[in-house]
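In what follows, a single structure is set out as structure tokens and then discussed.
Readers should treat all values here as calculations from the given coordinates under stated rules, not as data from a laboratory. If you're wondering where the values come from, they're calculated on a predicted model, not measured in any experiment. So basically every Cβ, Gly included, is an ideal-geometry build from the backbone, and we count neighbours across all protein chains shown.
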Amino acid sequence: MVYYTVKGNTGKIAKTIAETTQLPMERLLKDKPVDIGAHEYIFFGAPVYNEHFPKAVLQYGRNQRWSGKKVAIFSTNIGWKDKQAIDEFAQIIASKGAHVVSILSIQNRGVMSWTVGFGKLTEAEYEKARKWALEIQPKLLRTEDLR
């Protein structure tokens, strides 16, 4: 589990997925990349801001060795061009040899606040992340499910 968070909502969803799948969490920071070399599959999460993942996330995608990795991508967002942002990152890592198995978009509710982020996550959104993780983890473990 690798995630990038700014205001904390992506970190909360990452923690939910990590607890559900019993995977360790590794937080990606601008100045501290996470080495994915030893991992066969990865849950990767980032927030969507201004229709894109943050620049540090896109740069990370371009600089890592993704060849042969199976990846499930999730994002937190307000629903504005979230699929476009996820697809942009998916294309970057696919061009480096990753197999994107699934994507999940978690929409934050509420009005933006610079101290809180884009609103509080609801229990329904946490449950959506749990169900997705349980559905996707077995697919990440099987080689025949690569798309």
- Message: Can you tell me which lysines have their Cα less than 22 Å from the Cα of Lys128? Leave out same-chain residues fewer than eight positions away.
- Response: Lys7, Lys12, Lys15, Lys70, Lys81, Lys83, Lys120, Lys139
- Note on the structure: For the chain the mean separation of alpha carbon contacts under 8 Å (6+ apart) over residue count, i.e. relative contact order in percent, is 24 percent
- Query: Using modelled backbone amide H atoms (1.01 Å from N, in-plane), which distant-in-sequence or interchain residues come within less than 5 Å of Asn108's amide H?
  - Reply: Asn77, Ile78, Gly79
- Item | Packing rank of 52-60, 11-19, where each peptide gets the mean count of other beta carbons within 10 Å, highest leading | 11-19, 52-60
- Message: If I stretch the segment between Leu141 and Ser105 completely, what's the gain in nm (0.36 nm per residue apart, minus their alpha carbon distance), one decimal?
- Response: 10.8 nm
- How high is the FRET efficiency between Lys131 and Gln84 when r is their beta carbon distance and R₀ equals 35 Å, given to the nearest 0.05? 0.90
- Item | On Cα atoms only, tilt of 9-21 relative to the major axis of the chain in degrees | 50 degrees
- Task: With a point put 7 Å past each Cα toward its Cβ, work out how far Ala56 is from Glu123 in nm, to one decimal.
- Result: 3.3 nm
- Query: Mind listing the phi-derived Karplus ³J(HN,Hα) values for the range 65-77, rounded to whole Hz, using 6.51, -1.76 and 1.60 with θ = phi - 60°, and x for any glycine or proline?
  - Reply: 8, 9, 3, x, 7, 9, 10, 10, 9, 10, 9, 10, 6
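So for each of 71-77, 133-139 I average, over its residues, the number of other beta carbons within 10 Å; can you give me the resulting order with the highest mean first?
Numbers: 71-77: 25.1, 133-139: 16.1.
Ranking the peptides 71-77, 133-139 by packing returns 71-77, 133-139.
How long is the gain from Ser67 to Gln91 if the chain were fully straight, where each residue apart is worth 0.36 nm and the alpha carbon distance is subtracted?
Length difference between fully extended and current span is 7.3 nm.
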